[in-house]
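Worksheet for the structure shown next.
None of the figures in this text is laboratory data; all of them are computed from the coordinates on show. The shown structure was predicted, so the numbers you read here are calculated from the model rather than taken from an experiment. When we count neighbours, we look across all protein chains shown, and the Cβ atoms used for this are built from the backbone with ideal geometry, even at glycine.
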Amino acid sequence: MLTIEELKEQVERGEIDTVVAAFTDMQGRLLGKREHAEFFLEESAEHGVEGCNYLLALDMEMDPQAGYAMASWEQGYGDFVLTPDLGTLRRILDYAGVEPNPVRDPRVRLPRAQHEVVAALFHRRPVARGSVGMT
């Protein structure tokens, strides 16, 4: 866990730059907002994070569902405030500065796959089936 004071210190040192305010929807997915840490400390920690109740009435395909009195095309979609539970502050994994694993990491595999496809298209050489982006 992380206290609000520890968050402030880590933001001042440049160790944290973003705060994620999240909640679960009716499917159990995390939804919410990313905010600059300074803005979160100056505004949202005390006054809350604004969201749209549209997020509370979505199915698995992210399509709004009928039958909700608080959110529908007929009633409109209003705003609500996410009140942060500062007792649940915690650091989460950040990939910045982490050396990528060339075998499993999509940050490595996708550019490699794109390069192979472009090379095949412009040089008209075949790409082995099922091998694009694999190491």
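By the count of other C-beta atoms within 10 Å, a proxy for reagent exposure, Ile4, Ile92 are ordered fewest to most as Ile92, Ile4. Computed on the Cα trace of the range 4-88, the radius of gyration divided by the Kirkwood hydrodynamic radius gives Rg/Rh = 1.07.
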